[in-house]
Amino acid sequence: DGRLTFYPGNQTVDLPFINFMKRYGTVFLNAYTNSPICCPSRAAMWSGLFTHLTESWNNFKGLDPDYVTWMDLMQKHGYHTQKYGKLDYTSGHHSVSNRVEAWTRDVDFLLRQEGRPMVNLTGDRKHVRVMEADWQNTDKAVNWIKEEAINLTQPFVLYLGLNLPHPYPSPYAGENFGSSTFLTSPYWLEKVTFEAVKIPKWSSLSEMHPIDYYSSYTKNCTGEFTKQEVRNIRAFYYAMCAETDAMLGEIISALRDTGLLKKTIVIFTADHGELAMEHRQFYKMSMYEGSSHVPLLVLGPGIKEQQQIPNVVSLVDIYPTMLDIARIPVPQNLSGYSLIPLLRGKAENELSPRGPRPSWVLSEFHGCNVNASTYMLRTDKWKYITYSDGHSVLPQLFDLSDDPDELTNVAVKFPVIVHSLDKILRSIVNYPKVSSSVQEYNKRQFISWKKSLGQNYSNVIANLRWHQDWLKEPKKYENAIKKWL
């Protein structure tokens, strides 16, 4: 969650290496994902293109494997490139449940798709390496810096992708599991200031926006939660962020020990955040700040120190920024703009040949746990969220300067603002048309999957992650699918 990288969010947990990057580099106060879920977000970051252009609709359908990423271009221009850890931008690895849940989101039924969010404490005060796989990848990256990078005659670019801070699979949640367990050790939990953990305000279920209600239900968050449960989920999440920060620290230390830190640019960001029980939800897949606002910190030669940048930026900006750093000509078709002028503290008029950076960012979502394509336009103080065709579902408008917790939808109060933001959005993307093509894609995919199973279809679908709800009234849900098809 990007808000943890600046005040007051960073008062809840000790993140020494994020703070190191802030002291010696630049932090972006308003950086956003272009799609709040792993694969589509990474597809945007690696391609420099908005989600409706990559057509990365869900966690199964990512970027075309042949697409030329910024790393491919840097390699072509003489950079030594190295990748470790989670890449996840062409995808195809996600479970049957993930796919079917995304494809059937237009079906008129409500089924819980995730395990109920919960916490789990493991090990003792000496247990540092909770997310073992991430630590192993961090070790590989550190060894590569110390043994390979130090001896290179050409410049290098190293990418390290972590799973943390991501909830862990919950074995009790059924086939394919949901990832709804916040797991940490006492070692990391001690880095969290419990008194500073805010308990978010919730609307009553009847007052919730219909799309939010669907998300909350499918994420298994509509039941009763005590304040203690909510505080624990949030505290465990922050502890997982502290463990992530320590891995960043290993990389920074390796660069410092080898004398490379003075001539290396370090970028820290994430594919999405985590709601951690804000708005009666956990996980991502939402345009609320906890899910869509990502960290973005940059440190290195030529980067202004102790700089806080308020401009809205997003992950598609990484592509042109990387090319700019490497002095490689930037393709003209990209959705993003280089961050280098902002990082060097340049005036707006010295910006890219493409003209000034727009005063908005776009995020969109077409996957599971949300029953309509969602589009978010973020400008100076406004966040405008619209759904589907722009008519069948009410939009949301939040004034983030006045209502940072996004508790009051003021769309009805400010029709002129809604109209002008909608006009900007439609000039960027014909969103009713995109929503409609996603609906057609979902139906096509579901039909071909159903055909591939033959007579076995009902058995397979009854055993997906939603089996606990499905098995109560299987005929009712099969009929709902029939009606949809």
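Numbers for the structure displayed
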{"item": "Positive-pole candidate from 247, 19, 288, dipole of the chain, charges at beta carbon", "result": "288"}
{"item": "Kirkwood hydrodynamic radius of region 190-316, from inverse mean 1/r over distinct Cα pairs, in Å", "result": "17.2"}
{"item": "Between helix 474-484 and the chain: long-axis angle, C-alpha atoms, 0 to 90°, nearest 10", "result": "70"}
{"item": "Between region 309-330 and region 381-451, the alpha-carbon center distance in angstrom", "result": "26"}
{"item": "Tensor-based shape of region 16-92 (alpha-carbon gyration tensor, a/c under 1.5 rounded, otherwise prolate or oblate)", "result": "oblate"}
{"item": "FRET efficiency, 1/(1 + (r/R0)^6) with R0 35 Å, evaluated for residue 389 and residue 136 via beta carbons", "result": "0.15"}
{"item": "Stretchable slack from residue 420 to residue 311, in nm (0.36 nm times residue separation minus alpha-carbon distance)", "result": "37.3 nm"}
{"item": "Protection-proxy order for peptides 113-120, 478-485, 98-105, each taking the mean of Cβ atoms within 10 Å per residue, highest first", "result": "98-105, 113-120, 478-485"}
{"item": "Total charge dipole magnitude, the chain, about the Cα centre, Cβ charges on Lys, Arg, Asp, Glu only, Debye to nearest 20", "result": "460"}
{"item": "Using a Förster distance of 56 Å, the FRET efficiency for residue 172-residue 262 (Cβ separation, nearest 0.05)", "result": "0.65"}
{"item": "Net length gained if the chain between residue 437 and residue 67 were fully extended (0.36 nm per residue, minus Cα distance)", "result": "131.0 nm"}
{"item": "Accessible carbon and sulfur surface of the chain relative to its total accessible area, %, 1.4 Å", "result": "51"}
{"item": "Correct option for Rg and Dmax of the Cα atoms in Å [calculated from the coordinates] among (1) 21.8, 71; (2) 32.7, 138; (3) 22.1, 66", "result": "(3)"}
{"item": "Cα-centre dipole for region 337-473 with unit charges at Cβ (Lys and Arg positive, Asp and Glu negative), debye to 20", "result": "620"}
{"item": "Surface accessible to a 1.4 Å probe, per residue, for the residues of region 16-360, Å²", "result": "40"}
{"item": "Zone residues, region 286-313, relative to residue 401, backbone N less than 16 Å from point 7 Å out along Cα-to-Cβ", "result": "310-312"}
{"item": "Full-extension gain in nm, residue 333 to residue 124, via 0.36 nm per residue minus C-alpha separation", "result": "70.1 nm"}
{"item": "Cα gyration tensor shape for region 53-108, rounded if a/c is under 1.5, else prolate or oblate", "result": "prolate"}
{"item": "Sites matching GluC sites (Glu not before Pro) across region 132-163 that sit in DSSP coil, with at most 13 neighbouring C-beta atoms within 10 Å", "result": "148"}
{"item": "Which listed pairs, of 227/476; 227/423; 383/451; 304/383; 304/381, have C-alpha distances above 32 Å, in listed order", "result": "227/476; 227/423; 383/451"}
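The values are calculated or read from the model by the stated rules, or taken from the named source; none is laboratory data. Fair warning: this is a prediction, and the values are worked out from it, not measured in the lab. Please note: Cβ atoms are built from the backbone with ideal geometry, for glycine as well, and neighbour counts cover all protein chains shown. With ligands, DNA and RNA removed, areas are computed over all heavy atoms of the protein, side chains included. Shrake-Rupley method; radii C 1.70, N 1.55, O 1.52, S 1.80 Å.
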